[in-house]
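One structure is given here, and the rest of the page talks about it.
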Amino acid sequence: MLTNNNSNKMFFLFILFFSTLISISSNSWFGCWIGLEINLLSFIPLISNSKNLLSVETSLKYFLTQSLASINFLFMILIKFSLLKNFNMNNIISIMMNSSLLMKMGSAPFHFWFPNIVEGLSWMNNFMLMTWQKISPMILLSYYFNKNFLIFMIIMNLIIGSLGGLNQTSLRKLLAFSSINNLGWMIFSIMISENLWLFYFLIYSMMIFMMISLFFLMNMYFMNQLFINNMNFFIKLNLLINFLSLGGLPPFMGFMPKWIIINFLLINKFYFLTFIFMMTSLIIIYYYIRIIYSSFMFNYFKMKWVNLLMKNNMSLINLSSFISISSMILSTFIFM
Amino acid sequence: MLIYDIRFLFIYMFFVGNLIFVSKNKHLLVVLLSLEFIVLSIFFFFLVLLMFIDYDMYMLMVFLVFSVCEGSLGLSILVSMIRSHGNDYFQSFSML
């Protein structure tokens, strides 16, 4: 089992990608449920391939929550089928269906499994969990949602995502709460238009990819490891840029999708919701800046016994810095 | 108490299955059993619904295949847990 690790992973990864496509492009709700089931069936072997206690517990918790959510989803599909309520969107059955899809995604108030599981996975599995696993529940959410319920869930997502990350020292849990916060933005963008959601999702997954690849290359899982490294100045700068971009600060790439959403909010007079979006973004930027400020100013140690040779991978880091800094400005040149 | 509609039975079964799933149990196997109980209630519901569409039971078979796959995945995770922890008690979760 140790030798053909990569071919196992490729097989299950292929089925994972295919399951999302099945779920999105199906004609009926049963096809959607089948896609979600295949998603669960193919993700569990990806995350439970080592024999230590942590990965067993992680895969167990993931299995329990996801299987409960998809079984509840199927039951609500059957209730909808039997009551023949196919066209009216803002009713109680849509609340139940949306609840089970929100539990699949890890959105508040069903988010309690998410930081636990993110803490137990490696960085690449985390990347899969935070980006690809959100596609299929979100698109299914866009097919049949209850507007008032979802706006309430969005507010809870934003608040829990921002306040939950304040007391974390593990980088994975920090990114997990940031992911919950960004889920709030993404659910709102799905209610606006699916195109906008795709835009937000692509930019978010690109930002998360840059951060996770940086943490993966340097094998960093906790915040104190950021401070006792022998890091090159440019790597730290890249980290700063990525954190600020993820938080949504203006000259960087992460500001653009949030700008478009805020534009929509203000034009359509959602003033209270705009206030909550703004304030929770502020809290998130606060704890990112807290990390980077400490790393640059107070804890600028370069311990000689930690040797991070990053000479071969500098091109990836330079490219990602370039994309983060300049893509918002360059995009205005394209669309002018 | 007269039940005027068969759907009450399904909702009751589903609700009881969910209740046992979320309750504090000592063993993991009870949770997996409750999952299978919910699957059973959905199977029954599916059967009754599909009877009204001229006995078209093919979707029921597809559902059965997927539920069995999911149940066996749960059991394999149980086996993996017993291999590493030695039992399937919930109290042995202390890492996360």
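Laboratory data are not the source of any read-out in this text; all were calculated from the coordinates shown. All of these numbers come straight from a predicted model, not from anything done at the bench. As a convention, Cβ positions derive from the backbone with ideal geometry for all residues, glycine included, and neighbour counts pool all protein chains shown.
Go through region A:37-65 and count every residue that is of a type outside the set (A, V, I, L, M), closer than 12 Å to residue A:13 by Cα and either in contact (Cβ under 8 Å) with a residue 60 or more places away in the chain or facing chain B (nearest Cβ under 7 Å) (or both). Let's see the steps before the verdict.
Of the residues in region A:37-65, the ones of a type outside the set (A, V, I, L, M) are A:37, A:39, A:42-43, A:45, A:48-52, A:55, A:57-59, A:61-63, A:65.
Add one more test, that the residue is closer than 12 Å to residue A:13 by Cα, and what stays is A:39, A:42-43, A:45.
If we keep only those that are either in contact (Cβ under 8 Å) with a residue 60 or more places away in the chain or facing chain B (nearest Cβ under 7 Å) (or both) too, we end up with A:39, A:43.
Of the residues in that region, 2 qualify.
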Inset, instruction - Determine which single condition residue B:28 fails, assuming it passes every other condition in (1) touching a residue at least 60 places away in the same chain (Cβ under 8 Å); (2) of a type outside the set (Ser, Thr, Tyr); (3) surrounded by fewer than 16 Cβ atoms within 10 Å (Cβ to Cβ). - result: (3)
Legend entry - Residue in region A:226-238 that is nearest to residue A:323 (Cα to Cα), counting only those that are out of contact with any Phe, Trp or Tyr (no Cβ under 8 Å at 6 or more places or on another chain) and assigned to a helix (DSSP H, G or I): A:238
Inset, instruction - Quickly run through region B:45-96 and pick out the residues that are more than 10 Å from chain A (Cβ to nearest Cβ), out of contact with any strand residue (DSSP E or B) (no Cβ under 9 Å at 6 or more places or on another chain) and among the hydroxyl-bearing types (Ser, Thr, Tyr). - result: B:55, B:58
Inset, instruction - Mind listing whichever residues of region A:232-241 are over 10 Å from residue A:214 (Cα atoms) and surrounded by 21 or more Cβ atoms within 10 Å (Cβ to Cβ)? - result: A:241
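Out of A:94, A:55, I need the residue that is over 21 Å from the mean Cα position of the chain (by Cα), surrounded by fewer than 23 Cβ atoms within 10 Å (Cβ to Cβ) and over 22 Å from residue A:161 (Cβ atoms). Which one? Walk me through how you get there before you give the answer.
Numbers: A:55 fails: over 21 Å from the mean Cα position of the chain (by Cα).
Residue meeting the stated conditions: A:94.
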Legend entry - Close pairs (6 angstrom Cβ cut-off, 6 or more residues apart or separate chains): on the phi < 0 side of the Ramachandran plot in region A:171-195, of a type in the set (D, E, K, R) anywhere: A:172/A:119; A:173/A:119
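Hey, among A:72, A:90, A:86, which residue is part of a loop (DSSP other than H, G, I, E, B), touching a helix residue (DSSP H, G or I) at 6+ places or on another chain (Cβ under 8 Å) and in contact (Cβ under 8 Å) with a residue 24 or more places away in the chain?
Details: A:72 fails: part of a loop (DSSP other than H, G, I, E, B); A:86 fails: in contact (Cβ under 8 Å) with a residue 24 or more places away in the chain.
One residue alone meets the criteria, A:90.
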